[in-house]
Each structure stands twice: as C-alpha cells, then as structure tokens.
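The values are calculated or read from the model by the stated rules, or taken from the named source; none is laboratory data. Owing to the predicted nature of the structure, the values given are computational and were not obtained by experimental measurement. So basically every Cβ, Gly included, is an ideal-geometry build from the backbone, and we count neighbours across all protein chains shown.
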Amino acid sequence: MVEGISDLVSRPVEEIKGELLHRGKAKELYRTPSDDLLLMEFTDEATAFDGDKKGTIGRKGFYNSHISAAIFRYLGKCGLNTHFVEQMENRYHLVRALEMFELEVVIRNVAAGSLVRRLGLEEGIELSRPILEFSYKDDDLGDPWLNRYHIRTLNLCTEEEVVRIEEDAWRINAMLRDYFAERKLVLVDFKLEFGRSSDGSLVLGDEITPDTCRLWDMESAEKLDKDRFRYDMGGIEDAYQEVYRRVAWEG
C-alpha cells in the first residue's frame, strides 16, 4: 500500500485521474489506478441554500485545496484518522476511498446562521456550551435535522459509530478552535462528514474550508467564509484568500 501511494504521488495528476465517480457541489471524485485511493478535485463552483443559489468564486478551488490540506495534515499529526493522503498539484487531494455516511455533523460555538433563525438567538453571542447537531445529507429534503433515534431508524450508521463520531467531533472542535485562534480567527461553526474504510474504521472525510466553516476575524468580526457568497456581501475571493494566507501560505 505504501509503495502504491508513493507511485501515485510521484506521477502527474493527468496520469492517475481516471473515471469520474461523483460530481458534488464544489468537488469531484475520480478513480485512480488503486482501488483504495481516489482523486478529489476542488472546483471554483459555489452553491448555497441547498443548491438554490449557484455561482463561481475565483480561485476558490485553489484556496480550499491548500486550506483543507493544511488542516487535515494538522489533524493527522494530532492522531486523528482521516482520508487525506497527499495534496497533488494545486487543486487535488489523493484520499482514501470511504463508504460515506449520509450524515452531516455540525458543531456550533457561536450563534450564527440557522441557529439564530431557529432559536431566536442574537448573532455573535458565544454559546455557554458548544452544540452538536446531526442532519440527513439529502438536498431534496433540505438536509433535515436528526437525532440518534432518526439515525438508528434510518440505519445511517451503527450506534457505536454515532458515539465515535460525537467523540471525534468534540475532539476536532477543541483542536480547531485553538488552531484557528492562533491565526486570529474565530471558529463560529463548521460541518464534518465521516465514513467507513474498507477495514471498518471510522474516518473523517470531505473537507474543512471556508465552504464548510464559519470563520470570523478575531478582532473585527469580519466574515471570512461562504456567508459572503450566500448573502451577496462582496469581497468573496478576498475572504478566501485571507484564510489561505493565515492557514496555508508558506511564502
């Protein structure tokens, strides 16, 4: 397996980029010569409100690829089991193939977004305790909120996996709050997705970027994430570039 990874990483992307397996809202997954590894491409496409709003953000794929790679490397060094193997060129990640759960995990540290609308909280108030929420990954249904009873009834994953997902999500939240704070960013809330590897292990997949996190500047509270696209705030590319500069730039 190690030799296979080394061989793939040493080759140009176009040599190992095989059949398109899945086209998502902002990423595409391709087959590689290894059954255990996939190629994930970050695109400039952007969507909001369950796909009702669509557009493009200049160089978003470039920024998100570098941002997510830096964060996944950090989580891997902290001992977390992730799908990330290596960044290839500027917009691609070599990742482990997973059976993804139809489940999204949202951790909230500060009142924002749908939490404000649902509970009538004032935006920007730090929560006395972080909140963990599950949602069913289904755009046609509007990604409805779930609890453990729904998850069990829908057989989205095992009860043991739900416990492990929660444990890993809390651990990731603690690590990333400190990680972003060191870079003068507030981790307001963020989404995680998990899957099951071929050996049955629980693995963190997907991405961690301004597409999937709300990130505010620690001093000015300026929003540096996809909310700028959602609500036509302008300065979208500049916001992604600023997160890239703080998180992933090595200049």
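Looking at this structure, is E250 at pLDDT 95 or above and acidic (D, E)?
no
Condition first: under 29 Å from G235 (Cα atoms) and in the same structural domain as M175 (by TED's automatic domain parsing). Can you find one or more residues in the stretch 96-105 that meet it? Write out each step before concluding.
Pass one, the stretch 96-105, residues under 29 Å from G235 (Cα atoms): 104-105.
Now drop any that are not in the same structural domain as M175 (by TED's automatic domain parsing), which leaves 104-105.
Looking for residues that are under 29 Å from G235 (Cα atoms) and in the same structural domain as M175 (by TED's automatic domain parsing), one finds at least one in the stretch 96-105, hence yes.
Looking for something in contact with a Gly (Cβ under 8 Å, 6 or more places away or on another chain) and modelled with pLDDT of 95 or more - is there at least one such residue anywhere in the stretch 115-128?
No, the conditions are met nowhere in the stretch 115-128.
List the residue pairs whose Cβ atoms are under 8 Å apart, where the first residue sits in the stretch 122-138 and is within 26 Å of R152 (Cα to Cα) and assigned by TED's automatic domain parsing to the domain that holds I151, the second is modelled with pLDDT under 95 and surrounded by 14 or more Cβ atoms within 10 Å (Cβ to Cβ), and the two are 6 or more positions apart or on different chains.
Final answer for the pair search is S135/D143; Y136/D143; K137/D143.
Let me confirm something: among L20, L38, which residue is surrounded by fewer than 16 Cβ atoms within 10 Å (Cβ to Cβ) and free of Cβ contacts under 8 Å to residues at least 60 places away in the same chain?
Unique residue meeting the criteria: L20.
Among the residues of the stretch 188-202, count how many are crowded, with 22+ Cβ neighbours inside 10 Å and either hydroxyl-bearing (S, T, Y) or more than 12 Å from the chain's Cα centre (by Cα) (or both).
Residues that pass the stated criteria total 1.
Considering only residues of the stretch 180-210 that are touching a helix residue (DSSP H, G or I) at 6+ places or on another chain (Cβ under 6 Å) and not hydrophobic (A, V, I, L, M, F, W, C), which is farthest from L127 (Cα to Cα)?
For the stretch 180-210, the residue satisfying everything is E207.
So that you can scan it fast, the table gives a plain yes or no per residue for (1) assigned to a strand (DSSP E or B); (2) more than 17 Å from the chain's Cα centre (by Cα); (3) not assigned by TED's automatic domain parsing to the domain that holds N90:
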| site | (1), (2), (3) |
| --- | --- |
| E14 | no, yes, no |
| G18 | no, yes, no |
| L21 | yes, yes, no |
| D35 | no, yes, no |
| T47 | yes, no, no |
| K54 | yes, yes, no |
| G61 | no, no, no |
| I67 | no, no, no |
| G79 | no, yes, no |
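Filter the stretch 77-89 down to the residues that are farther than 24 Å from I16 by Cα and in contact with a strand residue (DSSP E or B) (Cβ under 9 Å, 6 or more places away or on another chain) and list them by number.
To start, the set of residues in the stretch 77-89 that are farther than 24 Å from I16 by Cα comprises 77-81.
Answer for the stretch 77-89, where residues must be farther than 24 Å from I16 by Cα and in contact with a strand residue (DSSP E or B) (Cβ under 9 Å, 6 or more places away or on another chain): L80, N81.
Would you point out which residue out of L75, L103, L80 is in contact (Cβ under 8 Å) with a residue 12 or more places away in the chain, closer than 23 Å to Y179 by Cα, in contact with an Asp or Glu (Cβ under 9 Å, 6 or more places away or on another chain) and among the aliphatic types (A, V, I, L, M)?
Result of the check over L75, L103, L80: L80.
Could you count how many residues in the stretch 128-156 are under 18 Å from the mean Cα position of the chain (by Cα) and on the phi > 0 side of the Ramachandran plot?
Adding up the residues that qualify gives 1.
What number of residues within the stretch 103-128 satisfy the criterion of being in contact with a helix residue (DSSP H, G or I) (Cβ under 8 Å, 6 or more places away or on another chain) and surrounded by fewer than 13 Cβ atoms within 10 Å (Cβ to Cβ)?
Adding up the residues that qualify gives 1.
Would you point out which residue out of G195, G205 is under 24 Å from S114 (Cβ atoms) and outside the structural domain of E86 (by TED's automatic domain parsing)?
G205
With respect to the numbered conditions (1) surrounded by fewer than 16 Cβ atoms within 10 Å (Cβ to Cβ); (2) modelled with pLDDT under 95, which one is the sole condition not fulfilled by T47?
Only one criterion is unmet by T47, namely (1).
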